[in-house]
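J.: Once you've had a glance at the structure underneath, I'll fire off some questions.
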Amino acid sequence: MSDDSSVRRRVRPRRSAPRGRASSVSSSRASGSSSHEQNSVPFAPAPAPAPAPAPAAAPHDPGVMPVEILVQQPGREHLPVLEQYPRMGHSTWFNKSTSGISGSITQMMYSMLQTGYDKWTSIPSAERELWFRQFAQEFTWDSGLTETVRQAFSRKAQTVYTKQIYEWKQVWLDERKPRLLSGTVWTQLIQHWEKERDYREVSTELRQPEQRSWRERFKETMVNPVDHLVVIKEAYTNKGRVKFRIR
């Protein structure tokens, strides 16, 4: 019996772990995994930085701003006002003789004309726009009326320009020169007038005698007197209308 008891003492059955402890371990593992899942947030890229705000637009330069904006600028209350239907003592228009517009355009011909153009239409559009911009410095109008004023200014400028060029040509024919006009402009204008004169002289010489006016024939007759009877005979004989019998 001593041997059996010793064997029993040596071999002892293993004790199962308490259920409460196993459940606590499994619950702790589950809670640990769940807390890890909660703490693990999926990676998202950082948002792109917001674009920098555009720099504030610089104020318009009066030398380059559109005329529509130019006439809206403050400090123009003292300028003459243009209206299509002017009110006496308040506004004016291009068809008014006392508007001062013709004088303004004539003054531009002395101060702004850099090339001797013989016609208003020969001036490049960019230069004509500069003239209109200068005109907007001397007169004002409602911004919505700008295009109407532009067209009226072009028609008025063409009339004034043609008239002034004609007056300068008469000064040249009198062998004089206008004051305050650029020498380069004056020289170029003279070249236009000389070409025009030469063209007319050549055209007159090339024309047939029958195509000349009675004034031209009269001038030739006064310079070179001829027998009028011969002239009349040649005229009617060439036409085959009447035959003359000279006695």
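J.: In the stretch 78-120, how many are over 26 Å from the mean Cα position of the chain (by Cα) and among the basic types (Lys, Arg)?
T.: 2
J.: Which one of these does Ser154 not meet: (1) surrounded by fewer than 17 Cβ atoms within 10 Å (Cβ to Cβ); (2) over 25 Å from Trp193 (Cα atoms); (3) within 24 Å of the chain's Cα centre (by Cα)?
T.: Ser154 satisfies all of (1) surrounded by fewer than 17 Cβ atoms within 10 Å (Cβ to Cβ); (2) over 25 Å from Trp193 (Cα atoms); (3) within 24 Å of the chain's Cα centre (by Cα) except (2).
J.: Inspect the stretch 46-63 for any residue being within 23 Å of the chain's Cα centre (by Cα) and modelled with pLDDT of 90 or more and give the result as yes or no.
T.: No, the stretch 46-63 has no match at all.
J.: Right, next: Being within 29 Å of the chain's Cα centre (by Cα) and closer than 30 Å to Gly89 by Cα: is that true of Gln188 here?
T.: no
J.: What are the residue pairs meeting all of these: first residue in the stretch 167-196, first residue farther than 14 Å from Gly116 by Cα and modelled with pLDDT of 95 or more, second residue polar (S, T, N, Q) and in a helix (DSSP H, G or I), Cβ atoms under 8 Å, and 6 or more apart or on different chains?
T.: So the pair list comes out empty.
J.: Mind checking which residues of the stretch 104-142 are polar (S, T, N, Q) and assigned to a helix (DSSP H, G or I)?
T.: Going through the stretch 104-142, the residues polar (S, T, N, Q) turn out to be 104, 106-107, 111, 114-115, 121-122, 125, 134, 137, 140.
Of everything in the stretch 104-142, those that are polar (S, T, N, Q) and assigned to a helix (DSSP H, G or I) turn out to be Ser104, Thr106, Gln107, Ser111, Thr121, Ser122, Ser125, Gln134, Gln137.
J.: In the list Ser143, Ser97, which residue meets the criterion of being surrounded by fewer than 18 Cβ atoms within 10 Å (Cβ to Cβ) and free of Cβ contacts under 8 Å to residues at least 24 places away in the same chain? Break it down stepwise before answering.
T.: Numbers: Ser143 fails: free of Cβ contacts under 8 Å to residues at least 24 places away in the same chain.
Exactly one of Ser143, Ser97 is surrounded by fewer than 18 Cβ atoms within 10 Å (Cβ to Cβ) and free of Cβ contacts under 8 Å to residues at least 24 places away in the same chain, namely Ser97.
The values are calculated or read from the model by the stated rules, or taken from the named source; none is laboratory data. Values in this document were obtained by computation on a predicted structure and should not be read as measured data. For neighbour counting, all protein chains shown are included, and Cβ atoms are generated from backbone atoms with ideal geometry for every residue, glycine included.
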